[in-house]
Amino acid sequence: MTANTSTPLRLYLIRHGETEWSLSGRHTGRTDIALTPNGEDEARELGKHLLDIPFAHVLTSPLKRALQTCGLAGLDKIPEIEPCLAEWDYGEYEGQRSVDILEQRPDWNVYRDGCPRGEMPEQVSARADRLISRLLRLDGNIALFAHGQIGSVLAARWIGLAVAEAEHFMLGTASLSILAFDPHHTAVPVIALWNALSQ
């Protein structure tokens with residue numbers, strides 16, 4: 001992996017604001033739910049920290065909660081829908097809480113085991129790698145409006161870790177993280193900021 005040599009690539013990874021399901025801990029993959037009023041406030045507050053950043057590109061998940069966050073943060077005029085930013089497909093575990101799944105499967109870990117009738121870790125990892133390959137052809141500041149677990153996978157894959165290691169990269173709602181390159185070793189991808197501004 002190497003950085004583009006013109007304007008350094010910086011990826012501003014933004015998790016969507018609070019939803020009813022994120023508040024209750026329910027896995028929200030492809031269910032297209034909106035932000036709560038508090039989630040809308042979180043997105044507006046986050047936008048204050050993005051105002052002065054000149055974004056070359058704004059990419060967003062096609063799901064409503066990410067699109068709403070993008071719009072309320074003030075970046076709604078130029079977004080591009082990016083299907084690879086959609087959340088993990090939880091299949092049969094959609095809408096369930098981890099604590100309930102663990103009663104049936106005590107050793108279950110989404111990053112290692114995936115979801116029945118949903119996505120497996122290697123599929124999500126490949127999706128993240130496709131997106132990273134595309135992003136490496138760009139330069140400048142790129143905003144990515146995404147979700148908790150795909151965001152964790154992107155971070156792990158950005159620094160060359162296996163998807164199973166993504167469990168260590170927790171993201172709060174309306175959080176801001178930055179994936180970049182070490183300015184002194186420009187071939188070294190780094191996590192320059194993680195889970196900032198999170199509630």
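The values are calculated or read from the model by the stated rules, or taken from the named source; none is laboratory data. Keep in mind that this is a model prediction, so the values were computed, not measured. Glycine gets a Cβ as well: all are built from the backbone with ideal geometry, and neighbour counts include every protein chain shown.
For residues that are assigned to a loop (DSSP other than H, G, I, E, B) and either touching a residue at least 40 places away in the same chain (Cβ under 8 Å) or among the polar types (S, T, N, Q) (or both), tally how many sit in segment 87-114.
Residues meeting the conditions: 8.
Go through segment 4-41 and give me each residue that's in a strand (DSSP E or B) and at pLDDT 95 or above.
Selection gives 10, 11, 12, 13, 14, 15, 19, 35.
Where residues in segment 143-199 are closer than 17 Å to residue 12 by Cα, hydrophobic (A, V, I, L, M, F, W, C) and in a helix (DSSP H, G or I), which of them is nearest to the chain's Cα centre (by Cα)?
150
I'd like the full set of residues that are surrounded by fewer than 21 Cβ atoms within 10 Å (Cβ to Cβ) and in contact (Cβ under 8 Å) with a residue 60 or more places away in the chain, limited to segment 30-49.
30, 31, 45, 49
Go through segment 115-136 and give me each residue that's of a type in the set (Lys, Arg) and either touching a residue at least 60 places away in the same chain (Cβ under 8 Å) or crowded, with 18+ Cβ neighbours inside 10 Å (or both).
127, the sole residue that qualifies.
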